[in-house]
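I have placed the structure first, in the form of structure tokens, so that the comments after it can refer back to it.
Values in this text are rule-based calculations from the coordinates and carry no lab data. Note that the structure is predicted; figures quoted are calculated from it, not measured. Glycine gets a Cβ as well: all are built from the backbone with ideal geometry, and neighbour counts include every protein chain shown.
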Amino acid sequence: MKRITYLLLAVFVSITIQAQPRITLDKEINTIGQIEWKKPIEVKYTVTNTGNAPLVLTNITTSCACAAIDWTKTPIKPGEKGTVSATFDAKQLGHFHKSIGVYSNAPTAPLTYIYFTGEVVRQVTDFSNLNLFSFDDILISVNEIEFPEVRHGENPEMKITVVNQSSRVYEPILMHLPSYCSATAEPKTLLKGEKGTITLTLHPRVLDMGLTQTSVYLSRFAGDKVSEENEIPLSVVLLPNTSDLTEAQLQNAPVIQLSEEEIDFSKEMAGKTKTTHTVTITNSGKSALEISKLQVFNPAVGVDLKSSIIAPGGKTKLKITLHKKHLDKKKRLRILLVTNDPSRSIVTINLKL
């Protein structure tokens, strides 16, 4: 009897030990670099539960009162992720090294310390941590501008960081702006080593539904002209307004389903200049599905849709052809479908080469 009891106890202990949360953070030290005095920044850490029981972050502490803390307060299931963030409002100039204490129900690490370091300056001169793109002596935070999901009535904005590394006074300008965009720069001019912001505002009321593509050009110096070297592709995807549909219309709406939405052409294209692939589109809804627009982002992509209207329960084929010689590396390999499915007004097929 004692032997049986010991065996049962051993099994119970084994199960108890196995069913434990485990905390894993994406980084221990977050090196921020230079930040501007009295301009708060947010530092984020990703928390993953690598155990097999729910992980709970019970409390978060910080080594200074100048950092406001937030974290995922709901249990994090095994294999899922949460976040810990600190908004740091620097009151003093100079180097800093701050710590964050993460308390959790993980038995092997009930308290874990993470850190963030950097330097508070009046004016940032080191921009290596900003992930900027170089346009000669001008650095900018984008090499492509996208407004991926816009609806009528919205006027979304995009903030673009610009740094002048030339020896001249620089005026940040985006040339050849389309009529549906406006831009303002703050400050109006930048001295050598200074950072500014271009605010780009979209006015989509004049656009057609679906994808609109063009290019704008970053002026790098006074009298600059447009060329491939200073081109920045700009795309807008305008969605239909479905907010006024009734409950009955939603219940009887079409539903689009695709056999594939991510296609890797790398193997099919090996040693070839052209290849094709077919995607099946199904309507699993209760009314006819209409594909009103079919658009591509890259001239290397060709499409052929067998039918643009699909009856309930019906199917159609979309033939995709990829021409390697027409590939524009600045433009994305994807296909956009505009549909009357209220839950998926825009469907994107991403291609990889």
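Of 316, 184, 273, the residue with the greatest mean-square motion in the GNM of the chain, using alpha carbon springs below 10 Å, is 273.
Using the Kirkwood radius over C-alpha pairs as Rh, can you work out the diffusion coefficient of segment 16-121 via Stokes-Einstein at 4 °C, viscosity 1.567 mPa s, in µm² per second? Don't skip to the answer; put the middle values down first.
Values: Rh = 14.3 Å.
So the translational diffusion coefficient is about 90 µm²/s.
Over 23 Å, how big is the tail of the calculated P(r) for segment 253-352, in percent of all Cα pairs? Let's see the in-between values first.
Working: 1280 of 4950 pairs.
Summing the P(r) of segment 253-352 above 23 Å gives 26 percent of all pairs.
Farthest towards the positive end of the charge dipole of the chain, among the residues 184, 297, 283, is the Cα of 283, using unit charges on the Cβ of Lys, Arg, Asp and Glu.
When Rg is the radius of gyration of the Cα atoms in segment 128-239 and Rh is its Kirkwood radius, what does Rg/Rh come to? Don't skip to the end; give the middle numbers.
On the way: Rg = 14.3 Å, Rh = 14.5 Å.
Here the Rg-to-Rh quotient is 0.98.
How long are the semi-axes of the equivalent ellipsoid of the chain, defined as square roots of 5 times the Cα gyration tensor eigenvalues? Whole Å, largest first. Spell out each step's value before the answer.
Values: eigenvalues 353, 283, 81 Å².
Semi-axes, largest first: 42, 38, 20 Å.
Within segment 77-176, the proportion of Cα pairs with more than 19 Å between them is 68 percent.
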